[in-house]
């Protein structure tokens, strides 16, 4: 996608949202069901979320099965169909991040048998799924636990691996694969209940930095993008421990998972261990936290903005997938639209 088109989409999304009548939207912070319960679809335990240009949503199933699935939902949240995903060398499929690329490609991350005792933990794959034909192609392999996926303005894919300290960059056909960044700041805390390191990944508005959530360390890491596209030195942008200590709060960035920016630089974080969507300001302050006790959301995981609506998956990890769903949060400001 060209930079001019990207900025046009950003401006259109912002202007159209800000111009909408106040009565047309629920109060800011309202979390509502979008799909309803999808536990009876092939996409139980949904993780990864993306939108096509017609407003259809795509997610994948993180359940470990011999054949996986990605599912399509209509702009109104109705289940449309599923696409089967065959296993690779790991013999099982477990999908995490997904990213739609027009006109008909969905990139999906498969962590395969990474959680199976005794596995090699290098059978993770980056898949290209044709949403018209259903054809599935492996464009990247050798990952330990590929979890988050983002795209730059040149179409390069960036993969966050939760069981390593690496961010990998590759072209959409799998070529030019390199270790783009590596840092101990992206490593998991092995003593954590969920020992996942680098997880959610997102560019800021002008693609000057890549932000990565570290789930088990409760941090957000910022990696500058240098002039030639190389990675600068990673630094801690926000720390849950620091926020708790300085803002007299608790559980900030607890289980930080998927992340997404609004147009004004606020970072929305799926704090999955606290069943909240938390908002971090450009100065790394916790400025809002949203939940809905009446809606069974135990592990919010993946986020995507559409105007001033933030959609997110409920991974439903600890209840066996019984409350698998996609929900929507009414935000104060429009978000960066998907590429």
Requested in this report: Among residues belonging to the stretch 169-189 that are buried (at least 19 other Cβ atoms within 10 Å of the Cβ) and in a helix (DSSP H, G or I), point out the one that is nearest to the chain's Cα centre (by Cα).
Outcome: 186
Report summary line: Over the stretch 190-205, the set of residues part of a loop (DSSP other than H, G, I, E, B) and in contact with a strand residue (DSSP E or B) (Cβ under 8 Å, 6 or more places away or on another chain) is 196, 197, 204, 205
Requested in this report: Please enumerate the residues belonging to the stretch 33-59 that are in a loop (DSSP other than H, G, I, E, B), surrounded by fewer than 24 Cβ atoms within 10 Å (Cβ to Cβ) and either on the phi < 0 side of the Ramachandran plot or touching a helix residue (DSSP H, G or I) at 6+ places or on another chain (Cβ under 8 Å) (or both).
Outcome: 34, 37, 39, 40, 41, 42, 44, 52, 53, 54, 56
Query raised in the report: residue 252: touching a residue at least 12 places away in the same chain (Cβ under 8 Å), in contact with a helix residue (DSSP H, G or I) (Cβ under 7 Å, 6 or more places away or on another chain), surrounded by 24 or more Cβ atoms within 10 Å (Cβ to Cβ) and not in a loop (DSSP other than H, G, I, E, B), yes or no?
Result: no
Query - Test set (1) farther than 23 Å from residue 313 by Cα; (2) touching a residue at least 60 places away in the same chain (Cβ under 8 Å) - residue 209 fails condition number - result: (2)
Report task. Would you point out the residue of the stretch 255-308, among those that are under 15 Å from the mean Cα position of the chain (by Cα) and part of a loop (DSSP other than H, G, I, E, B), that is nearest to residue 57 (Cα to Cα)? Result -> 299
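Does residue 147 satisfy being farther than 30 Å from residue 56 by Cβ, in contact (Cβ under 8 Å) with a residue 40 or more places away in the chain and within 16 Å of the chain's Cα centre (by Cα)? Please lay out each step first, then the result.
Values: farther than 30 Å from residue 56 by Cβ: no; in contact (Cβ under 8 Å) with a residue 40 or more places away in the chain: yes; within 16 Å of the chain's Cα centre (by Cα): yes.
It is false that residue 147 is farther than 30 Å from residue 56 by Cβ, in contact (Cβ under 8 Å) with a residue 40 or more places away in the chain and within 16 Å of the chain's Cα centre (by Cα).
Going residue by residue through the stretch 221-236, is there one that turns out to be assigned to a loop (DSSP other than H, G, I, E, B), buried (at least 19 other Cβ atoms within 10 Å of the Cβ) and in contact (Cβ under 8 Å) with a residue 40 or more places away in the chain? Outline the logic, then answer.
Keep residues of the stretch 221-236 that are assigned to a loop (DSSP other than H, G, I, E, B), which gives 226-230, 232-234.
So of that shortlist, the ones also buried (at least 19 other Cβ atoms within 10 Å of the Cβ) come out as 234.
Okay, now just the ones that are also in contact (Cβ under 8 Å) with a residue 40 or more places away in the chain, so 234.
Scanning the stretch 221-236 turns up at least one residue that is assigned to a loop (DSSP other than H, G, I, E, B), buried (at least 19 other Cβ atoms within 10 Å of the Cβ) and in contact (Cβ under 8 Å) with a residue 40 or more places away in the chain.
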Query raised in the report: in contact with a helix residue (DSSP H, G or I) (Cβ under 9 Å, 6 or more places away or on another chain), modelled with pLDDT of 95 or more and over 21 Å from residue 77 (Cβ atoms), is that true of residue 242?
Result: no
Requested in this report: Kindly list the number of the only condition in (1) buried (at least 21 other Cβ atoms within 10 Å of the Cβ); (2) at pLDDT 95 or above; (3) farther than 21 Å from residue 229 by Cβ that fails for residue 114.
Outcome: (2)
Query raised in the report: Since residue 165 meets every condition but one in (1) touching a helix residue (DSSP H, G or I) at 6+ places or on another chain (Cβ under 7 Å); (2) over 24 Å from residue 214 (Cα atoms), which condition does it not meet?
Result: (2)
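The values are calculated or read from the model by the stated rules, or taken from the named source; none is laboratory data. Please read all numbers here as calculations on a predicted model, not as lab measurements. Methodologically, a virtual Cβ is constructed for each residue, glycine included, from the backbone with ideal geometry; neighbour enumeration extends over all protein chains shown.
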